[in-house]
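Here the structure is laid out as structure tokens; the discussion comes afterwards.
The values are calculated or read from the model by the stated rules, or taken from the named source; none is laboratory data. Owing to the predicted nature of the structure, the values given are computational and were not obtained by experimental measurement. Heads up, the Cβs are rebuilt from the backbone with ideal geometry, glycines too, and the neighbour counts pull from every protein chain shown.
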Amino acid sequence: MNIEFAIARDTREIPVSTPLKSLVTNLSCLLAFSLLSSVPFSYAQATLKPLPLPSIVQKDGRFALLVDGEPYLMLGAQVNNSSAWPATLSKVWPTAEHLGVNTLEVPIYWEQFEPEQGHFDPSFLRTLLTQARQHHVHLVLLWFGTWKNGSGHYTPSYIKLDEARAPHVIDAKGNKVDSLSPISEFALNADRTAFATLMRALKSADPQHTVLMVQVENEPGTYGSVRDHSTDAQRIFAGAVPATLLTVMHKQPGTWQQVFGTDADEFFHAWMVAHYIGQIAEAGKKEYALPLYVNVALRDPFNARPGSYESGGATDNVIPIWKAAAPAIDLICPDIYMPEYAKYVKVLDLYHRPDNAMFVPETGNSPAYARYFFAALGHQAFGFSPFGMDTTGYVNAPLGAARINDEALAPFALNYSIFGPMARIVAKLNFEGKLQAVSEDPEVHSQVLDFGAWKATVSYGLPQFGAGNPPGGNMTPDGGAMVAQLGPGEFLVTAVHARVDFEPAIQSPAKHRQFVRVEEGAYAGNAWHFERIWNGDQTDYGLNFTSVPQVLRVRLATY
Ligand code: DGJ
């Protein structure tokens with residue numbers, strides 16, 4: 001195997017991405033040490049604590065993505081599929097900047113990384129890392145390998161052209177389908193080697209942890225056939241269901257058909273695809289233990305007709321199969337291209353599970369989707385990432401995508417301008433279970449958030465003044481709100497196109513809320529910077545938010 005790059009000295013102990021303050025502290029300590037001991041200052045002699053790797057942690061039933069040891073809120077965006085080339089990056093950064101993302105999702109194509117069999121080229125990875133650091137954003141890498149939207153279009157030509165060893169799925173009628181079969185040992189070994197090599201290269205090139213997570217494959221599975229019906233696949237299908245799966249599904253031994261009946265085809269394919277990807281993830285993790293996830297082409301959460309959606313991926317009905325078959329995958333994440341409120345929130349419900357950290361790695365980029373940033377937060381998501389965010393000129397109209405211009409970006413940029421400065425605080429509050437957030441439901445114009453002693457009511461649309469005539473929804477449903485408890489009777493509040501008001505939960509004897517103090521301000525790190533007090537029209541009938549980015553700290557009492 002000809003690996004083109006030299007694995008560089010592991011420099012993880014150099015705190016390159018440490019925030020300026022701690023970098024200065026580290027440097028001063030080193031300098032003081034070197035002066036006192038008359039040893040010339042040198043990093044090589046310094047034994048600094050290695051930066052902790054990004055990781056997914058769970059506590060009290062909630063999850064967080066830790067970056068540099070602290071919960072992180074990913075204000076993300078994903079570039080278009082063909083944007084991960086040195087020549088196109090200049091069309092990527094302006095959009096990322098305009099949006100105010102702190103993390104960008106960018107593909108790494110197998111065909112680009114292994115242009116010839118056994119010859120690996122990490123040059124794009126290096127270029128990407130350098131430019132991401134220059135633009136002060138973290139990255140999530142997307143490994144477009146054996147499956148990209150179910151097909152093998154990103155495999156190198158030595159895979160594409162070797163149908164004997166990397167065969168396609170065969171449907172029930174004996175036709176070839178545009179999807180590689182998960183039973184190919186040859187494709188599995190090749191993908192596993194390439195992915196492990198990528199992770200090794202990444203570990204060596206990224207001591208700063210610019211890259212936070214890696215997505216293994218992209219919307220894996222198969223369109224056009226529920227499973228592979230090739231001779232080899234039939235043989236495995238006629239065999240016994242693996243014991244691990246029987247245990248997880250609480251089933252007695254038997255063949256796939258005997259154990260799972262009408263679900264057998266679908267469950268078989270899910271197991272095969274997950275098992276294949278699990279092995280790739282395991283090999284990658286051995287090289288470099290970053291969080292790894294898979295993304296899912298969803299089925300309709302209310303009307304899932306078998307055959308109408310991609311089979312083999314981690315759709316909501318097979319999540320336990322994926323968890324059992326691919327333990328090296330840390331989380332399973334929905335790509336949500338369903339603008340309807342009921343569907344969107346149902347999908348969030350389905351993937352927000354005690355065994356699964358919540359992250360929305362892809363969602364639509366038309367303005368209708370921006371408000372779901374709040375609902376995702378309310379489902380404990382540590383990140384949100386609209387798709388197709390660059391100016392390379394592609395618009396996926398059937399998926400409701402928008403032409404990328406200032407108008408389309410505005411609602412997403414508004415969210416990120418509100419949450420950017422307080423992202424760490426919000427991530428921490430969410431991990432501690434103190435945060436609730438909702439998006440506008442066009443059918444219901446107000447939602448109540450229960451904080452024990454206090455209830456917060458979020459209502460949408462004009463009028464924003466006066467107690468009567470409760471708002472009747474925004475003209476286009478684009479509102480969202482977040483309320484987080486900071487202490488007894490103290491809340492952090494922000495919203496877009498919504499009113500937030502509070503009332504005491506216990507009403508006997510009758511009590512009324514009063515605002516003791518409503519401060520508008522901004523966080524910088526953990527420090528709150530006061531700007532002004534809201535009162536009068538701004539508070540008499542609740543706290544009214546427009547499309548001006550505003551964050552409030554609210555102290556409540558009753559009278
Ligand atoms: C979901 C996929 O994961 C993306 O790569 C992209 O193909 C979008 N669908 C559609 O633009």
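Tabulated data
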item: Residue identified as touching a residue at least 12 places away in the same chain (Cβ under 8 Å) and more than 29 Å from Val483 (Cβ to Cβ) among Ile418, Ile404, Ile425; result: Ile404
item: Criterion violated by Leu429 - all others in (1) out of contact with any helix residue (DSSP H, G or I) (no Cβ under 7 Å at 6 or more places or on another chain); (2) within 13 Å of the ligand (Cβ to nearest atom); (3) aliphatic (A, V, I, L, M) satisfied; result: (2)
item: Filter result (over 17 Å from Trp322 (Cβ atoms) and of a type in the set (Val, Ile, Thr)) within the stretch 260-292; result: Thr262
item: Unique residue being at pLDDT 95 or above and within 16 Å of the ligand (Cβ to nearest atom) when the list is Val79, Val101; result: Val79
item: Criterion: among the aromatic types (Phe, Trp, Tyr), more than 16 Å from the ligand (Cβ to nearest atom) and out of contact with any Gly (no Cβ under 8 Å at 6 or more places or on another chain) - qualifying residue of Phe412, Phe374; result: Phe412
item: Residues located in the stretch 402-449, provided they are modelled with pLDDT under 95, out of contact with any Ser or Thr (no Cβ under 7 Å at 6 or more places or on another chain) and assigned to a strand (DSSP E or B); result: Val444
item: When residues of the stretch 203-257 are limited to those that are charged (D, E, K, R) and closer than 30 Å to Leu104 by Cα, the one farthest from the ligand (Cβ to nearest atom); result: Lys203
item: Count - residues of the stretch 137-176 that are among the β-branched types (Val, Ile, Thr) and within 16 Å of the ligand (Cβ to nearest atom); result: 3
item: Unique match (being closer than 30 Å to Thr193 by Cβ, in the same structural domain as Phe384 (by TED's automatic domain parsing) and loosely packed, with under 15 Cβ neighbours inside 10 Å) among Gln258, Gln234, Gln252; result: Gln234
item: Evaluation of His379 against (1) without any contact (Cβ under 8 Å) to a residue 60 or more places away in the chain; (2) touching an Asp or Glu at 6+ places or on another chain (Cβ under 8 Å); (3) within 15 Å of the ligand (Cβ to nearest atom) (one fails), failing number; result: (3)
